[in-house]
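The values are calculated or read from the model by the stated rules, or taken from the named source; none is laboratory data. In this text the structure is predicted, and so the values were computed from the model without any measurement. Keep in mind that these areas ignore ligands, DNA and RNA; they rest on the heavy atoms of the full protein, side chains included. Shrake-Rupley method; radii C 1.70, N 1.55, O 1.52, S 1.80 Å.
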Amino acid sequence: MIKKIVVIALMLALFGWSLTLIKKTEPKQVVAQTDEEETVVQVEETLPDTAFSFNTQNVTTECSEGLSEMLCAVENAVKCTVKPDLENCAKLDLPQFIFITDPTVERPTEINYKFVNKELQPSGAIDVYTESSCNGGWFGLCQGTVIYVLGQSKEKWFVKDIYAIE
């Protein structure tokens with residue numbers, strides 16, 4: 001009889017201890033959900049309907065008026081594609097292939113694009129979709145649907161990668 005009471009008491013103690021562990025981990029899950037919700041809110045900002053056009057003659061270091069920091073990172077990547085020796089390009093965190101100056105690379109001197117979509121990736125990166133056209137080949141990364149993969153470092157947006165969908 002005493003053995004049964006001891007076993008039941010130990011089972012109840014183990015059950016109680018398990019409940020305290022569950023309660024301790026719940027706030028961490030809520031915080032993680034809150035962080036994701038905040039990120040999703042940032043992604044849901046409206047995209048401008050404006051079509052942007054940059055060429056080697058009109059490229060400046062300032063971002064277009066009304067663009068968020070996230071979309072400004074995309075604009076900077078486009079500007080540095082057109083003119084890699086632009087003053088601020090060396091300071092930006094951009095994919096290194098943007099700076100290739102090989103004469104066999106058909107670098108565009110003009111790029112036109114319009115923002116069409118943004119998606120949050122499970123990794124925390126954000127894909128910004130553009131419809132683009134250009135006057136060069138440039139690895140096929142300036143014609144059609146061009147996607148800029150954005151990351152965030154110290155609350156500053158940067159372009160991690162660029163790829164295109166035919």
Solvent exposure ordering (accessible area, 1.4 Å, most first) of Asp127, Asp93, Asp49:
Asp49, Asp93, Asp127
So how do Glu75, Glu65, Glu106 rank on accessible area, 1.4 Å probe, biggest first, that is with the largest at the start?
Glu65, Glu106, Glu75
Based on C-alpha coordinates, I'd like the Rg and Dmax of segment 52-166, in Å.
13.1, 39
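Please compare each pair in Lys91/Lys114; Lys79/Lys154; Lys118/Lys160; Lys79/Lys114 to a cut-off of 21 Å on the Cα-Cα distance and tell me which ones are over it.
Correct reply: Lys91/Lys114; Lys79/Lys154.
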